[in-house]
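A short worksheet on the structure shown next.
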Amino acid sequence: MTEKAAAAAGKLEQIAVEGGLTQQLGAASMGGANVVVNAAKSAPVLEIDNLTVHFVTSHGTVRAVENLTYSVRPGEMVAIVGESGSGKSVSALAIMRLLPPATARVMTGSVVFDGHNLLTLSDEEMRQRRGRDVAMIFQEPMTSLNPVLSIGLQIKEPLLIHMNMTEDQATARAIELLTLVGITDPESRLAQFPHQLSGGMRQRVMIAIGLACNPKLLIADEPTTALDVTIQAQILELMKGLSRRLSIAVVIITHNLGIVARYADRVNVMYAARLIEQGPAEDVFGKPAHPYTRGLLSAVPRLDRSRSARLTTIEGAPPNLLSPPEGCRFAPRCRYATEACKVVPQHSVVGADHTAACHRLEELDKLIVYEPGDEGVRAAAALDATSILAIKGVTKHFHVGGGIFSAAKIVRAVNNVTIDIKPGETLGLVGESGCGKSTLGRLVLRLDDPTSGEIIFEGRDLAGLKRGDMIDVRKRMQVIFQDPYSSLNPRMTVGQIIAEPMTVHGVVLKANAPKRVAELLQLVGLYPYMADRYPHELSGGQRQRVGIARALGVEPKMIVADEAVSALDVSIQGQVINLLEDLQKKLGLTYLFIAHDLAVVRHISTKVAVMYLGRIVEYAACDELFANPRHPYTQALLAAAPVPDPVIERTRPRTIIEGELPSPLRPPAGCVFHPRCPKMTEACKADVPAALEVGLHHFAACINA
């Protein structure tokens, strides 16, 4: 945290103390010192007891949350994890009283906050508490922030309503809050609108709004899903620090188990609307009791371990909550289910404050619930093999703005990039949002034309090919997009979606397309009857598999995967990663794998290129780069990425990159990373460093490497 942000944090603490927060929490701390509360001895701020929420729909009743019970104490961070549809977000919306009144029904239970049952308060009483005492950070800030109101007005609104501040006081407080969350030049930001800020900055604004009135409870629903690992680390360190200093109880909803291991004090695991395990983070990670929890932890790629085996995955999908199975809802996916599992299991004590709902709890230590996957060997090519793709000195500039009285500005999205991929390899391309990863992928696909340089695919320079000549290339090079829902035509069935490129390119006759579609669906682990379904009738993992089947239909040699698994749950992500590896081994595919999850990249890649502000700053074989990172930016990325092990995270050094990625409109002179680099010298400001070979086939663009 910068000195300016630290000063702002101290001032906020003083305001919290003066406002009576310390006395309310029963911990005295004056003179600007931290408000310290022993969470283990304090009374809970939030107590949820037997909460059940149903949704009444035209298809029937969806049992979204059933018999949920947990509590949160001051200064404590409780994580709720589980697959999509498990009831995590619904339970948070129930606390905030934001469930849609037309369809949602709270059937049983209570939500006691600060001694009052929020479910029985009038709408006006709840409005007085919502935003002031209880605040929420929503998953997607762009849809949560009002696009027609300035940032300043949205931050000041709760201050004017709940704190009765004057306009000048609210403005001063808004500036302090923006400084606290690490936004530079906060005075000018107040006049800007959400679309003028980056994703990380919008998320920080949401946190500032949530903290504005010194809440006692902060609910964060996937607060860092769309953020880079560096920005994610900054924001979570901020939230954790404020939780400790101001004794704010925090409920964080996420599917990132590394985040949970690093920041959470307690963990609640939900499955199919029910809480199936809860306990201290170290106990849940160190000795998971429920088969589902063990399956989740086994499916997570580990950044701290080299790849030695396939990911162990939980087969199948969560049940339909319109008609969930009787008894234990995990039983249909559990390899150790018995007749006893047809009865709903009750929570049993595993350890101190650690419980789990499983009939075979005492036997699990004797059973290998999720054994390591079959040993897998990464695809590799001979060093002297001819590259299937060679990118040489590629540059892409975009001209934006300009008019009668002003010249157009140049966005330097990709600058002088040189990398290559050999047949059967996987090149992982990593870096923060805005560094040029996706632009480089679009250049390879020739969805954008390069400003200069060569893109040689199978001996042909794509940069100079005409539109008609690209048709044959696109048959041999396909793409898997990040969001399968937006990339699949909602008006076409799955069968039509997969068949279309095959018939366009003449791979199969139209009459034979259904048979080939059925084969492709089986290849990616789906059933042939799903060809008649529409995208909205499939789960996220199933839609991603449809995207993979569509790409495979034309029998390509290479696939560009742009954040292909970033939006998936842990278990589904593991299934898709294993599928990609199986297909690579079976069909000899080559992948350009664009991602920001370093653990996934380490697991699947043969070699890795690290990109920063349009330039490749480090490039090496995968194991070599992760074992011996030489560029300060690569080192910072690895330090910021969490590991799903609380014991390791407790002792692991955390080096957080300050600031945000500079604008490609105004890139720094010399080394583009020097404004944020802890090893910066005056020489770094003068010239752009060349990529030097610092090891065998290991290149780094740093004078200090």
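The values are calculated or read from the model by the stated rules, or taken from the named source; none is laboratory data. Keep in mind that what you see is a predicted model, and the values were worked out from it rather than measured. Cβ atoms come from the backbone with ideal geometry, glycine included; neighbour counts cover every protein chain shown. With ligands, DNA and RNA removed, areas are computed over all heavy atoms of the protein, side chains included. Shrake-Rupley method; radii C 1.70, N 1.55, O 1.52, S 1.80 Å.
Data for the structure
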| read-out | value |
| --- | --- |
| N146 loosely packed, with under 14 Cβ neighbours inside 10 Å and either closer than 30 Å to T57 by Cα or in contact with a Gly (Cβ under 6 Å, 6 or more places away or on another chain) (or both) | yes |
| Every residue from segment 525-572 that is of a type in the set (A, V, I, L, M) and over 30 Å from E432 (Cα atoms) | L526, M530, A531, L538, V554 |
| Every residue from segment 78-95 that is within 20 Å of R329 (Cβ to Cβ) and either small (G, A, S) or at pLDDT 90 or above (or both) | I80, V81, G82, S84, G85, S86, G87, K88, S89, V90, S91, A94 |
| Selection within segment 643-665 - surrounded by fewer than 19 Cβ atoms within 10 Å (Cβ to Cβ) and closer than 30 Å to V400 by Cα | E658, G659, P662, S663, L665 |
| Qualifying residue in segment 129-140 (condition: aliphatic (A, V, I, L, M), part of a helix (DSSP H, G or I) and at pLDDT 90 or above) | no |
| Candidate set: segment 447-471, residues that are open to solvent by 80 Å² or more (accessible area, probe 1.4 Å) and not in a loop (DSSP other than H, G, I, E, B); chosen: the one farthest from I421 (Cα to Cα) | R467 |
| Subset tally (residues that are assigned to a helix (DSSP H, G or I) and open to solvent by 80 Å² or more (accessible area, probe 1.4 Å)) for segment 507-518 | 5 |
| Test: residue in segment 491-506 that is open to solvent by 60 Å² or more (accessible area, probe 1.4 Å) and hydrophobic (A, V, I, L, M, F, W, C) | yes |
| Residues of segment 150-178 classified as free of Cβ contacts under 8 Å to residues at least 24 places away in the same chain and polar (S, T, N, Q), total | 4 |
| Residues (of a type in the set (S, T, N, Q) and either farther than 28 Å from P629 by Cα or assigned to a strand (DSSP E or B) (or both)) located in segment 259-311 | N268, Q278, T293 |
| Count of residues meeting criterion [at pLDDT 90 or above and of a type in the set (G, A, S)] in segment 462-487 | 0 |
| Which numbered condition A640 fails, given (1) aliphatic (A, V, I, L, M); (2) open to solvent by 40 Å² or more (accessible area, probe 1.4 Å); (3) closer than 17 Å to I231 by Cα | (2) |
| Residue under evaluation R129, criteria (1) crowded, with 17+ Cβ neighbours inside 10 Å; (2) touching a residue at least 24 places away in the same chain (Cβ under 8 Å), criterion not met | (2) |
| Residue in segment 321-337 that is open to solvent by less than 30 Å² (accessible area, probe 1.4 Å), at pLDDT 90 or above and part of a helix (DSSP H, G or I) present | yes |
| Selection within segment 412-462 - under 25 Å from the mean Cα position of the chain (by Cα) and under 23 Å from L587 (Cβ atoms) | T426, L427, G428, L429, G441 |
| Qualifying residue in segment 195-210 (condition: closer than 30 Å to C334 by Cα and not aliphatic (A, V, I, L, M)) | no |
| Residues (closer than 13 Å to R550 by Cα and charged (D, E, K, R)) located in segment 488-525 | E500, R516, E519 |
| Some residue of segment 24-33 being modelled with pLDDT under 95, buried (at least 23 other Cβ atoms within 10 Å of the Cβ) and not in a loop (DSSP other than H, G, I, E, B) | yes |
| Flag for Q232 being open to solvent by 10 Å² or more (accessible area, probe 1.4 Å), assigned to a strand (DSSP E or B) and touching a residue at least 60 places away in the same chain (Cβ under 8 Å) | no |
| Looking only at segment 413-434, and only at residues there that are outside any strand (DSSP E or B) and out of contact with any Leu (no Cβ under 6 Å at 6 or more places or on another chain), the one that is nearest to C671 (Cα to Cα) | G431 |
| Matching entry among A669, A609, A701, A620 (being surrounded by fewer than 23 Cβ atoms within 10 Å (Cβ to Cβ) and of a type outside the set (D, E, K, R)) | A669 |
| Set I559, I577, I604, I594: member being within 18 Å of P484 (Cα to Cα), open to solvent by less than 20 Å² (accessible area, probe 1.4 Å), touching a residue at least 60 places away in the same chain (Cβ under 8 Å) and in contact with a Pro (Cβ under 9 Å, 6 or more places away or on another chain) | I577 |
| Residues that are charged (D, E, K, R) and out of contact with any Phe, Trp or Tyr (no Cβ under 6 Å at 6 or more places or on another chain), drawn from segment 284-324 | K287, R302, D304, R305, R307, R310, E315 |
| Selection within segment 516-558 - within 14 Å of G495 (Cβ to Cβ) and aliphatic (A, V, I, L, M) | V517, A518, L520, L521, V524, L526, M530, A531, L538, V546, A549 |
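Quick grid of which residues meet (1) outside any helix (DSSP H, G or I); (2) open to solvent by 10 Å² or more (accessible area, probe 1.4 Å):
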{"position": "Y70", "(1), (2)": "yes, yes"}
{"position": "V78", "(1), (2)": "yes, no"}
{"position": "E83", "(1), (2)": "yes, no"}
{"position": "S86", "(1), (2)": "yes, no"}
{"position": "P100", "(1), (2)": "yes, yes"}
{"position": "V112", "(1), (2)": "yes, yes"}
{"position": "E125", "(1), (2)": "no, yes"}
